[in-house]
Amino acid sequence: MYRIVFTNKALKDLEEIDEETQIRIAKKLKEYAENPFKYARKLINPQIGTYRFKIGDYRIIFDVDKENIVILRIGHRKSIYK
């Protein structure tokens, strides 16, 4: 199982989301930590990160570092890639 690590920017992104959605994201991340590559998609443009998870209308941008999933950004699908 991978350990989930948040960057400061990702924590700020998460704080801006409503509490119900935060809980849903947290539950899914815990589930995805078991086997992240089953749910992840590789990003075409790796400038903001290497992979993404899709959770409803939100996208979680992350990299994998040995035993860690490093969450880089969390945002709505309309604005996360800008």
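Here, each number is a calculation from the coordinates, and none is a lab measurement. What you see is a predicted model, and the numbers here were worked out from it, not measured in a lab. No Cβ is skipped: glycine too gets one built from the backbone with ideal geometry, and neighbour counts run over all protein chains shown.
One table, with the values for the structure above:
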quantity	calculated
Formal net charge of residues neighbouring residue 62 (Cβ-Cβ distance under 9 Å; K, R +1; D, E -1)	+1
In order through region 58-75: 3J(HN,Hα) via Karplus (6.51 cos²θ - 1.76 cosθ + 1.60), integer Hz, x for Gly, Pro	10, 10, 10, 8, 8, 10, 10, 10, 6, 9, 10, 9, 9, 7, 9, 8, 9, x
Under 5 Å, built H, 5+ apart or other chain: amide partners of residue 6	71
Amide H within-cut-off set for residue 68, under 5 Å, with H built and near neighbours excluded	3
³J(HN,Hα), Karplus 6.51/-1.76/1.60, whole Hz, each residue of region 77-82, x for Gly, Pro	4, 6, 10, 5, 8, 8
Karplus 3J(HN,Hα) series, Hz, for region 7-21 with 6.51 cos²θ - 1.76 cosθ + 1.60 (x for Gly, Pro)	7, 4, 5, 5, 5, 5, 4, 5, 5, 7, 8, 4, 4, 4, 5
The chain, relative contact order in percent, only Cα pairs under 8 angstrom and at least six apart counted	35
About the Cα centre, charge dipole magnitude for the chain (Lys/Arg +1, Asp/Glu -1 at Cβ), debye	400
22 Å Cα-Cα reach of residue 82 towards lysines, excluding residues that sit fewer than 8 places from it in its own chain	9, 12, 42, 54
Relative counts (whole %) of C-alpha pair distances in the chain, using bins that are 10 Å wide	19, 59, 22, 0
